[in-house]
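Following: one structure in structure tokens, then a few remarks.
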Amino acid sequence: MKSEPEQKSKRSKDKKRVFGAGIARGLRVTMKGLLGRAITTSYPEHKLVVSKRFRGNEFVWYPARCTGCSTCAKSCPHGNIEVVTRRGNNAYEVEKFEIDTGRCMFCGLCVESCPYDALCLGRGYELAKYRRGDLVLEKEAMQESEKRKPSGYFRPKIEKTLPAQTLLIERAGRKSRKKKESVP
Amino acid sequence: MAPIQSAEQTVLAIRPEGLPAFWPADNPWLHALVFIVASIAFALVMVIVFIYVERRGVARFQLRLGPNRAGPEGVLQAVADLIKLLLKEDIVPRLADKVVHLLAPIVATVPAFMVFAVVPLWGDGAMLADLNAGVLYFIAISSFGVVGVFMAGWASSNKYSLISAMRGVAQMVSYEIPLVMALLGVVVFAGTLSLNGIVDAQSIPFALLQPLAAVIYFLAMSAEINRTPFDLLEAESEIIAGYHTEYSGMKFALFYVAEYGHAVAGAAIFATFFLGGWKGPVLPPVLWLVIKMLVVFFVGFWARATLPRLRVDQVMGLGWKALLPLAVINVLIAAVEVLFWPSGTTQWLLVPINIAIGALLVFLWSRTVSLRGGRVEVRTRAEVKA
């Protein structure tokens with residue numbers, strides 16, 4: 001923040017204007033933009049790290065933890081989750097676990113409701129598919145893999161392991177914050 | 001001068017001494033053909049260069065990357081746009097004046113390229129016609145573009161187009177006067193109306209000898225060619241796309257080319273009048289001209305990336321209350337200096353003097369003249385009562 005006498009002198013300067021002074025100040029601001037770096041990237045070549053708690057597509061499901069209790073299916077506002085279980089050896093075996101992401105709004109209620117941390121949201125954002133049917137995720141496709149990493153949404157343990165976000169807004173913000181600190 | 005000149009040579013005012021020995025200077029038709037093709041090619045290539053430089057440049061000013069897909073680093077973007085526009089359907093409004101609607105883009109485009117007939121592009125005297133009234137020709141031709149704009153606005157039978165055309169005429173008529181007055185200061189110093197002569201006269205660039213004229217000319221030129229902040233003709237937020245709202249396909253492309261063609265011509269004229277044209281060490285003359293044009297254009301789109309659009313009355317205020325009187329005073333001062341100051345090396349002393357005079361005049365105007373005219377203050381009911 002600028003001190004008060006400085007502000008006053010600036011105000012009086014504005015009153016005693018000279019043609020072009022304001023324009024020169026504006027030109028200085030945009031020149032900084034030209035010399036600085038762009039805050040956009042060329043997307044398919046340069047991808048950004050999304051938020052740790054990103055509610056992306058591609059749910060990650062851990063079959064070892066899932067008991068087939070269907071709490072997620074009950075909590076889903078759209079009823080997108082279909083669970084079919086079979087009585088197994090002292091526990092239920094999950095026969096079918098499907099999420100129709102075509103109707104999903106990624107509210108995350110299923111993840112929040114899971115008592116065993118068996119379901120996580122994913123970090124992917126490239127959702128386009130060629131067929132409507134491909135949007136229905138089956139249990140084999142939903143398991144964690146190299147391509148399919150869980151998001152830290154409602155899963156603080158996973159969140160700790162994730163890399164920091166490099167969304168451009170944050171990068172640009174960090175830069176300008178530094179400058180602001182050095183100005184006064 | 002060549003000892004005998006044919007009638008055609010006199011008309012074209014060919015200067016054989018500036019051209020290479022093998023040049024067919026005694027065949028004016030061949031000379032004209034070569035230079036017409038060369039000048040138009042130069043102008044068109046520069047239009048593509050300017051479009052690319054501006055799109056990438058403005059993007060960087062706005063912290064974006066700009067078009068970088070078509071060709072290496074997006075250099076073919078203008079070509080891709082052109083192909084797209086060529087393939088688009090040409091729509092003519094039912095109530096439009098068909099003939100005028102068709103002619104308008106041509107009338108708007110041609111003057112931008114005709115200007116290059118008198119600009120020394122490739123070196124001393126290497127131009128289509130070294131007219132001894134080159135400045136007059138340039139002023140006459142460059143102000144003709146507004147006719148195309150008005151034809152487009154009129155023929156479209158669209159209220160926004162017509163508003164834009166009216167604005168265009170008002171703006172261009174107003175700014176033509178300070179523009180000519182600013183050039184007059186240069187002409188007084190150079191003592192000639194030939195553009196080649198004006199370049200020859202610049203041992204010191206006229207931007208230094210006539211700083212006020214340079215500023216006035218730059219502003220008036222920006223207004224003439226509708227660059228932001230004077231782009232009232234195409235104010236998207238108010239009147240859609242202005243005079244070319246009803247144009248599509250190749251006709252729209254022609255208006256686009258006209259807009260940048262006028263920018264290229266304006267930059268070339270500024271470089272010729274104020275920055276020494278093709279003059280410069282080491283590099284070939286045409287490269288120097290291109291560099292100087294790009295510098296002028298850079299300042300133009302730098303302002304475009306910075307400043308918001310002016311209001312109509314503010315544009316008129318700037319033209320009539322500031323630029324015109326300052327330009328007239330500048331011509332008077334230039335005339336007095338040329339009359340009483342000994343020519344020669346002491347001309348260098350005029351540089352600081354003229355810069356000081358220019359700064360003083362701008363300062364005086366800032367304190368005495370208000371350009372905000374007609375500003376509407378919005379007050380709440382409580383404020384009105386108090």
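The values are calculated or read from the model by the stated rules, or taken from the named source; none is laboratory data. From a predicted model like this one, the values you see are computed outputs, not experimental measurements. Note that we place each Cβ from the backbone using ideal geometry, even for glycine, and neighbour counts take in every protein chain shown. The accessibility values were calculated without ligands, DNA or RNA, using every heavy atom of the protein model including side chains. Shrake-Rupley method; radii C 1.70, N 1.55, O 1.52, S 1.80 Å.
Some observations on this one:
- Residue that is touching a residue at least 24 places away in the same chain (Cβ under 8 Å) and either of a type outside the set (Asp, Glu) or closer than 20 Å to B:Ala170 by Cα (or both), where the choices are B:Leu360, B:Leu350, B:Leu332: B:Leu350
- In region A:43-66 there is at least one residue that is within 14 Å of chain B (Cβ to nearest Cβ), out of contact with any His (no Cβ under 7 Å at 6 or more places or on another chain) and among the hydroxyl-bearing types (Ser, Thr, Tyr).
- Residue pairs meeting the criteria (Cβ under 6 Å; at least 6 apart or on separate chains; first of a type in the set (Gly, Ala, Ser), in region B:222-238; second part of a helix (DSSP H, G or I)): B:Ala223/B:Gln171; B:Ala223/B:Tyr175
Let's see how each residue does on (1) in contact with a helix residue (DSSP H, G or I) (Cβ under 9 Å, 6 or more places away or on another chain); (2) more than 30 Å from B:Leu136 (Cβ to Cβ); (3) part of a loop (DSSP other than H, G, I, E, B); (4) open to solvent by less than 70 Å² (accessible area, probe 1.4 Å):
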| residue | (1), (2), (3), (4) |
| --- | --- |
| B:Glu73 | yes, yes, no, no |
| B:Leu85 | yes, yes, no, yes |
| B:Ala104 | yes, no, no, yes |
| B:Ala108 | yes, no, no, yes |
| B:Val115 | yes, no, no, yes |
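- Among (1) open to solvent by less than 20 Å² (accessible area, probe 1.4 Å); (2) away from chain A (no Cβ under 14 Å) - the single one B:Val92 does not satisfy: (1)
- Condition met for A:Tyr153 (open to solvent by 90 Å² or more (accessible area, probe 1.4 Å), of a type in the set (Ser, Thr, Tyr) and modelled with pLDDT of 85 or more): no
- Some residue of region B:275-294 being under 30 Å from B:Ser237 (Cβ atoms), assigned to a helix (DSSP H, G or I) and open to solvent by 30 Å² or more (accessible area, probe 1.4 Å): yes
- Checked against the criteria, A:Tyr92 does not count as more than 9 Å from chain B (Cβ to nearest Cβ) and loosely packed, with under 13 Cβ neighbours inside 10 Å.
- Selection count where residues are touching a Leu at 6+ places or on another chain (Cβ under 7 Å) and more than 10 Å from every other protein chain (Cβ to nearest Cβ), scope region B:311-325: 6
- Some residue of region A:45-53 being in contact with a Ser or Thr (Cβ under 9 Å, 6 or more places away or on another chain), among the hydroxyl-bearing types (Ser, Thr, Tyr) and crowded, with 16+ Cβ neighbours inside 10 Å: yes
- Only one of B:Phe252, B:Phe297 that is over 28 Å from B:Val215 (Cβ atoms) and assigned to a helix (DSSP H, G or I): B:Phe252
- Given (1) modelled with pLDDT under 85; (2) of a type outside the set (Phe, Trp, Tyr); (3) within 25 Å of the chain's Cα centre (by Cα), number of the condition B:Pro20 does not satisfy: (3)
- Of all residues making up region B:188-203, the number that are among the hydrophobic types (A, V, I, L, M, F, W, C) and either closer than 15 Å to B:Ala303 by Cβ or open to solvent by 10 Å² or more (accessible area, probe 1.4 Å) (or both): 5
- Matching entry among B:Ala335, B:Ala305 (being buried (at least 20 other Cβ atoms within 10 Å of the Cβ), of a type in the set (A, V, I, L, M, F, W, C), part of a helix (DSSP H, G or I) and at pLDDT 85 or above): B:Ala305
- Residue match in region B:345-360 (condition: within 14 Å of chain A (Cβ to nearest Cβ) and out of contact with any helix residue (DSSP H, G or I) (no Cβ under 6 Å at 6 or more places or on another chain)): yes
- Residue match in region B:235-242 (condition: surrounded by 24 or more Cβ atoms within 10 Å (Cβ to Cβ), over 27 Å from B:Leu332 (Cβ atoms) and of a type outside the set (A, V, I, L, M)): yes
- Residue match in region B:121-144 (condition: in contact with a His (Cβ under 8 Å, 6 or more places away or on another chain) and either part of a helix (DSSP H, G or I) or surrounded by fewer than 21 Cβ atoms within 10 Å (Cβ to Cβ) (or both)): yes
- Scanning region B:33-83 for residues that are more than 12 Å from chain A (Cβ to nearest Cβ) and aromatic (Phe, Trp, Tyr) yields B:Phe35, B:Phe42, B:Phe50, B:Tyr52.
- Test set (1) in contact (Cβ under 8 Å) with a residue 60 or more places away in the chain; (2) of a type in the set (Ser, Thr, Tyr); (3) away from chain A (no Cβ under 14 Å) - B:Thr380 fails condition number: (1)
Yes/no per residue for (1) open to solvent by 80 Å² or more (accessible area, probe 1.4 Å); (2) part of a loop (DSSP other than H, G, I, E, B); (3) closer than 18 Å to B:Val257 by Cα:
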{"position": "B:Ala32", "(1), (2), (3)": "no, no, no"}
{"position": "B:Phe35", "(1), (2), (3)": "no, no, no"}
{"position": "B:Ala38", "(1), (2), (3)": "no, no, yes"}
{"position": "B:Val53", "(1), (2), (3)": "no, no, yes"}
{"position": "B:Ala59", "(1), (2), (3)": "no, no, no"}
{"position": "B:Leu63", "(1), (2), (3)": "no, yes, no"}
{"position": "B:Ala78", "(1), (2), (3)": "no, no, yes"}
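- Within region A:16-28, considering residues that are outside any loop (DSSP other than H, G, I, E, B) and facing chain B (nearest Cβ under 7 Å), the one nearest to B:Leu219 (Cα to Cα): A:Ile23
- Any hit, region B:259-269, residues being out of contact with any Pro (no Cβ under 6 Å at 6 or more places or on another chain), more than 18 Å from B:Gly145 (Cα to Cα) and open to solvent by 10 Å² or more (accessible area, probe 1.4 Å): no
- Subset of region B:145-163 that is open to solvent by 10 Å² or more (accessible area, probe 1.4 Å) and part of a loop (DSSP other than H, G, I, E, B) - its residue that is farthest from B:Val100 (Cα to Cα): B:Asn158
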